[in-house]
1. Let me make sure I get this right: for region 233-276, a, b and c are the square roots of the gyration tensor eigenvalues over alpha carbons, sorted descending. Under 1.5 in a/c it's rounded, otherwise prolate if a/b > b/c, else oblate. Which is it?
2. In Å and on Cα atoms, what radius of gyration and Dmax does region 165-306 show?
3. What translational diffusion coefficient, in µm²/s and rounded to a whole number, does the Stokes-Einstein relation yield for region 1-50 at 25 °C and a viscosity of 0.890 mPa s, taking the hydrodynamic radius as the Kirkwood radius over Cα pairs?
4. Please report 54, 223 as a ranked list, fewest other C-beta atoms within 10 angstrom at the top and most at the bottom.
5. Any idea what the relative contact order of the chain is, in percent, if you count C-alpha pairs under 8 Å spaced at least 6 apart?
6. Could you give the length gained by full extension between residue 314 and residue 48, i.e. 0.36 nm per residue of separation minus their alpha carbon distance, to one decimal place?
7. Quick check on the exposure proxy: order 351, 161 from fewest to most C-beta atoms within 10 angstrom.
8. Order these peptides, 274-281, 108-115, by their mean beta-carbon neighbour count within 10 angstrom, highest first.
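Values quoted throughout were computed directly from the atomic coordinates according to the rules given, and no laboratory measurement underlies them. Nothing here was measured: the structure is a model prediction, and the numbers come from that model. FYI the Cβ positions are ideal-geometry reconstructions off the backbone, even for glycines, and counts take in every protein chain you see.
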């Protein structure tokens, strides 16, 4: 049967777009649904400010009258203006196992991007690097985490057949939470403490963290822009508030560490307990009782997932990473955590990767963003 493509044009189409993946991944034990409450906000132009500075195309692929795939095209104009690029993105590509579906969806997005003057396309990628990015290419036997894609192994192969090549790889390590803080890190931590220049802030209640949100995300903007983090586009204040609103309900403040020098925020690190088991049990639904399953899973898990971190440029190399790491290990120990997932580490970030390995980290997942020239 021929494949036909339809743009998402109404609420019914959007519902099909949002819920199709759970049908495709039925029986896929290591996959997890998104939190659907977030999905309805994310794909709503009235609630997601990214639509204000991005061109978008949401597509559904049908075989006859049967829905068989979806994909989204994105042109982040703000990012392109800052980086002097003409780059489009594809994301949220989900299909049944049929290369024709992938070819049809990506072909339409490529044509759309060419028509708007783009010369390159990358993906999978969302509006920003705060969204899931990169197809998984190794470690499929391991369960998904909340901030990453978890695709079938054949999907990257189908994309490569269409002329896409590697743009960047990410490595994910698993670290054992030590029963005792390693001597090397303990010495660095004690040296910084004795100097007294830096103070680490920890939190007990969510209301304590709210006044810090914009300042922390402002430091993220500064650091990620200065270091030219792949795909990063700075957030405005309303986007910071939206990101906080998205994650604050499930954030465990025990695993947020902020370092200050005087009144200046100089670094931070954020992690959260793995709650994928709860999201799977709730099938992505928060209500009526899904949130209880998610919270229960977060309390029972033995895995801590690292999410975000940054150090102000002029304070790098002073041991602040070790200072935060020691405090995070201490909190993980107190909570009974056994392992940490490091989240994405860029392949080119050799220093951080070497540090992970020196701490006994095991490479257990690998992700790839693909690119293609639009001639």
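1. Cα axes put region 233-276 in the oblate bin.
2. Every Cα atom of region 165-306 included, Rg and Dmax give 17.7, 51 Å.
3. 194
4. Final ranking by Cβ density, sparse to dense: 223, 54.
5. Over the chain, the number comes to 22 percent.
6. On the way: separation 266, 0.36 × 266 = 95.76 nm, distance 3.35 nm.
Extra length from residue 314 to residue 48 when fully extended: 92.4 nm.
7. Values: 351 8, 161 11.
Neighbour counts put them in this order, fewest first: 351, 161.
8. Final packing ranking: 274-281, 108-115.
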